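Enquirer: Mind having a look at this structure? Questions to follow.
The values are calculated or read from the model by the stated rules, or taken from the named source; none is laboratory data. Being a predicted model, the structure only gives us computed values, none of them experimental. Counting neighbours? That spans all protein chains shown, and the Cβs are built from the backbone with ideal geometry, glycine included. Accessible surface is based on the protein model in full, side chains and every heavy atom, while ligands, DNA and RNA are left aside. Shrake-Rupley method; radii C 1.70, N 1.55, O 1.52, S 1.80 Å.
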Amino acid sequence: MSTLSNARASVGEWIDRVALAAPARLTLITFGAVILIFTGLLSLPAATTSGHRAPFIDALFTATSAVCVTGLTTVNTGSYWSGWGLAIIAAGIKIGGLGIMTLASLVGLAVSRRIGLTQRLLAAGEARASGLGDLRSLLRTVVIISFSIEFTIALVLFPRFLTLDYGLGRSAGYSIFYGISAFNNAGFSPDPEGLYPFVNDFWVLIPLGLGVLVGALGYPVYLNLIRGWRRPKSWSLHTKLTLIMVAVLALVSAGMLAILEWSNPATLGDAATHETVARIFFQSINQRSGGFASFDISQAREQTWLLEDVLMFIGGGSGSTAGGIRVTTLAVLLLAIWAEARGRRDMEAFGKRIGTEVLRAAVAITIVGLSVVIVGTGVFMAQTDIPLDRSLYEVVSAYATCGLSTGITGSLPDDAKTTLVIMMYIGRVGSLTIAAALALNKQRRVIRYPSERPLIG
């Protein structure tokens, strides 16, 4: 027995060492391997309602979309995939969401173990405050939090589906699927009609909207709020910036949606006032990461598409299942602009100073993200005859792992589908890889060149 325990301990220590030594490489390999496994599972005849094998590109696309918690689909999820296929997709979403939160938090843990002695002592308090102790305890906490929230969403939805005469099995399946999809910001729906049968059903919209909102905050925020919910002043700067940016973006996007779509009869203009308001706020939450749609995106105005392009690119919180450059990245950029406009040397918020290395990382992530989207859109347009507005929307949705679409995904040629698969993979692992590379490859130089300031603007 002691030999088995020692073996388990050795394996655990080996996993810890490998993960902390190269978290970026671990991210790339892990997500690639998991996507291939789920592609194989979705390629089985039992995964489809027809009993025939799904085309490889559709199996690969769906597996990538599930594991990267995106929600873009080339086939109708509810009608094309069997109950077994839906279970595979739900498992892919669950494993992908857990991997994202764990690996994102792991980057912070790895960074804290690579810094100098003085900074290590200072970071020790932060590590304890954020719960980043070791890989196994980190994973255990993430699993408990995610399962608890998903179970709560499913528990709320289950009675509603029963009242709709879906039957016990279907009601349970829908509730669990929606719980997993909402918290992990995946945007998949098991119903052949998607979310449209429930767009005016508050019993369904409210738990789904709250699930998406909570899922987009991120593991560090959950833990900080759980441990200090009675002491807001003790919340970390990351938590405060995340909560403020999420609230501001939700309100701004809701206001813009009301201006752009309130009078559009093809989207929101045909509903009652209270229903329209509810759908606007639901959509304002999902525009950045959730992927659920409360109206037909293909019928929205082009200005709305542009608004959602920006919001999807921003995404959700760091260490969450949401995509994009993250709201804290935007917050740092805005604080830098504010400090420069005020002529201040440092970026400051809530009595804390933000170092210039954080700003450099934010700029790098933003510019790399923009570059990937521009190149991806150019390639996508070369592969299709789709105009810029729809092409940009589809590519941004894939890169930001949001999952909203103007309805063109299913009719794309295979090479364009492959481009979106690559965009989803890059969008899911790219920001983590860049953040890890920037943080872990810092070099302290004793000799520095003399400074000179070029003209800007």
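Enquirer: Filter the range 275-288 for residues that are under 20 Å from the mean Cα position of the chain (by Cα) and without any contact (Cβ under 8 Å) to a residue 40 or more places away in the chain; which is farthest from Ala250 (Cα to Cα)?
Expert: By that ranking, first place goes to Gln283.
Enquirer: For the range 18-50, which positions are of a type outside the set (S, T, N, Q), modelled with pLDDT of 95 or more and in a loop (DSSP other than H, G, I, E, B)?
Expert: Leu44, the sole residue that qualifies.
Enquirer: Which numbered condition in (1) in contact (Cβ under 8 Å) with a residue 12 or more places away in the chain; (2) open to solvent by 10 Å² or more (accessible area, probe 1.4 Å) is the only one that Pro265 fails?
Expert: Checking Pro265 against (1) in contact (Cβ under 8 Å) with a residue 12 or more places away in the chain; (2) open to solvent by 10 Å² or more (accessible area, probe 1.4 Å), the one that fails is (1).
Enquirer: For residues that are at pLDDT below 75 and among the small types (Gly, Ala, Ser), scanning just the range 87-107, find the one that is most open to solvent (accessible area, probe 1.4 Å).
Expert: By that ranking, first place goes to Ala104.
Enquirer: Just one of the numbered conditions (1) in contact with a Ser or Thr (Cβ under 9 Å, 6 or more places away or on another chain); (2) in a helix (DSSP H, G or I); (3) open to solvent by 10 Å² or more (accessible area, probe 1.4 Å); (4) touching a residue at least 12 places away in the same chain (Cβ under 8 Å) is not true of Met381; which one?
Expert: All conditions pass for Met381, except number (4).
Enquirer: Would you please list the contacts, defined by Cβ atoms under 7 Å and residues six or more apart or on different chains, that run from a residue in the range 216-240 that is more than 22 Å from Gly97 (Cβ to Cβ) and free of Cβ contacts under 8 Å to residues at least 60 places away in the same chain to a residue that is among the acidic types (Asp, Glu) and open to solvent by less than 40 Å² (accessible area, probe 1.4 Å)?
Expert: Short answer, once both residue conditions are applied: none.
Enquirer: Still on this structure, I have one more. Go through the range 289-299 residue by residue and tally those that are touching a residue at least 60 places away in the same chain (Cβ under 8 Å), farther than 15 Å from Leu210 by Cβ and in a helix (DSSP H, G or I).
Expert: Qualifying residue count, the range 289-299: 2.
Enquirer: Oh, and also: Tell me, yes or no, whether the range 195-213 has at least one residue that is of a type outside the set (S, T, N, Q), out of contact with any His (no Cβ under 8 Å at 6 or more places or on another chain) and under 20 Å from Ala331 (Cα atoms).
Expert: yes
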